[in-house]
1. Take every DSSP beta bridge with both residues inside the chain and express the antiparallel ones as a percent of the total, to the nearest 5.
2. Using just the alpha carbons, could you tell me how many Å³ per residue the convex hull of the stretch 109-185 encloses?
3. Within the stretch 106-165, which GluC sites (Glu not before Pro) sit in a loop by DSSP and count at most 16 neighbouring Cβ atoms inside 10 Å?
4. What is the extension gain from HIS40 to GLU254, computed as 0.36 nm multiplied by their sequence separation minus the C-alpha to C-alpha distance, in nm to one decimal?
5. How much accessible surface does MET228 have with a 1.4 Å probe, in Å² rounded to 10?
6. Between ALA47 and ASN154, what length comes free when the chain is fully extended (0.36 nm per residue of separation minus the Cα-Cα distance, one decimal in nm)?
7. Under 10 °C and 1.306 mPa s, how fast does the stretch 24-93 diffuse according to Stokes-Einstein, given a Kirkwood radius computed over C-alpha pairs? Answer in µm²/s, whole number.
8. In what order, largest first, do ASP176, ASP210 sit by accessible area if the probe radius is 1.4 Å?
Amino acid sequence: MKKHNFYAGPSILPEFTKEKTAEAVMNFAGTGLSVMEVSHRSKEFVAVMDEAVALVKELLPVPEGYSVLFLQGGASLQFLMAPYNLMGKKAAYLITGAWSKKAMKEAKFFGEVVEVASSADANFNYIPKTYDVPADASYLHYTSNNTIFGTRVNAPEVNIPLVADMSSDIFSRPVDVAKHDLIYAGAQKNLGPSGATLVIVKDEALGKIDRPIPTMLDYRIHIQNESMFNTPSTLPVYASLMTLRWLKELGGVEAIEKINIAKAALLYHEIDRNKLFQSTVPIKEDRSLMNVTFVMAPEYAEVEKEFLDFATAKGMVGIKGHRSVGGFRASVYNAMPVDSVKALVEAMQEFEKTK
Ligand SMILES: *Cc1c(COP(=O)(O)O)cnc(C)c1O
């Protein structure tokens, strides 16, 4: 049976990425060796890193004066590398979910942290829109897509630089990189397998603080060494490059955004229409295009498990909601084909008829 992969992360990748990576696992760039067993300093692998960096710059796009890195440690290490490198006495955080809370927790090791607003009062089912940002903060940190709570945040309009965790929606919609001192994203949602972390950092923003920074945590070291200060995660970087090539071929970020809007609309429309289900995010403009969260309508709460089994029998994988929201979460990242979204919608419609 065809499986429809709605996992939140690691998550679905394009067929192209999987096929090309499988080929390179056996024979990489005509070397007769696996991409897993060649030196990261070989000319073949350096070409992979260079093309991946160039495609990130081309596709977002990234303006002059920024460096693109592929590091390790996941987005979670960026929670502390960001303040380590960029925070003077103070930094501001917009709290829209579990990941921004974790990011803020790490910043507290480095100085005064101002929580400018939080939607914790409603289990993070909306995005705070108006708040004051301290003018003397080094940056405002936000999470552009809340993977767990199914909401998205547009880049806040503020007078200080932005730092953004874009782990779960990078390359899904256009972003004005120039407003940011730093953007980071774990690869395992929209780019590749886990093990690589994309970092885009403004060169000018670095070197302004006086705290000493351990070598491995200093962005400048990784910039000087072009992501090869130590061994990069070669296989995840290779797979990420394949996804970037796939995205370019498809027409880039603007083209995929149109597809993403259409895919998410199919699902949200069904959730709003179907008597059995309801969205967990009442304000439509706050709804994520990547992680669609929904629960049973209160009068049908007792058939939640029954729907999960029903959908699972039809090939749906990974739709159980995160424990802090309950219900269901369908992650519909860039690589998710519209046919899988339609299959889920059909399962919801068929299940409704049985009730
Ligand atoms: C998955 C995720 C993380 C955690 O990423 P790791 O690579 O596991 O550290 C952080 N932020 C967001 C928004 C995520 O979706």
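1. 55 percent
2. Spread over its residues, the Cα hull of the stretch 109-185 gives 112 Å³ apiece.
3. The qualifying sites are GLU157.
4. Using 0.36 nm per residue and subtracting the Cα-Cα distance, I get 73.8 nm.
5. That residue has around 10 Å² of solvent-accessible surface.
6. Working: separation 107, 0.36 × 107 = 38.52 nm, distance 3.40 nm.
Result: 35.1 nm gained on full extension.
7. Taking Rh from Cα pairs, D becomes 106 µm²/s.
8. ASP210, ASP176
The values are calculated or read from the model by the stated rules, or taken from the named source; none is laboratory data. Bear in mind the structure is a predicted one, so any value in this text is a computation, not a measurement. In this analysis, Cβ positions are derived from the backbone assuming ideal geometry, glycine residues included, and neighbour counts consider all displayed protein chains. We work out accessible area using only protein heavy atoms, side chains counted, and drop any ligands, DNA or RNA first. Shrake-Rupley method; radii C 1.70, N 1.55, O 1.52, S 1.80 Å.
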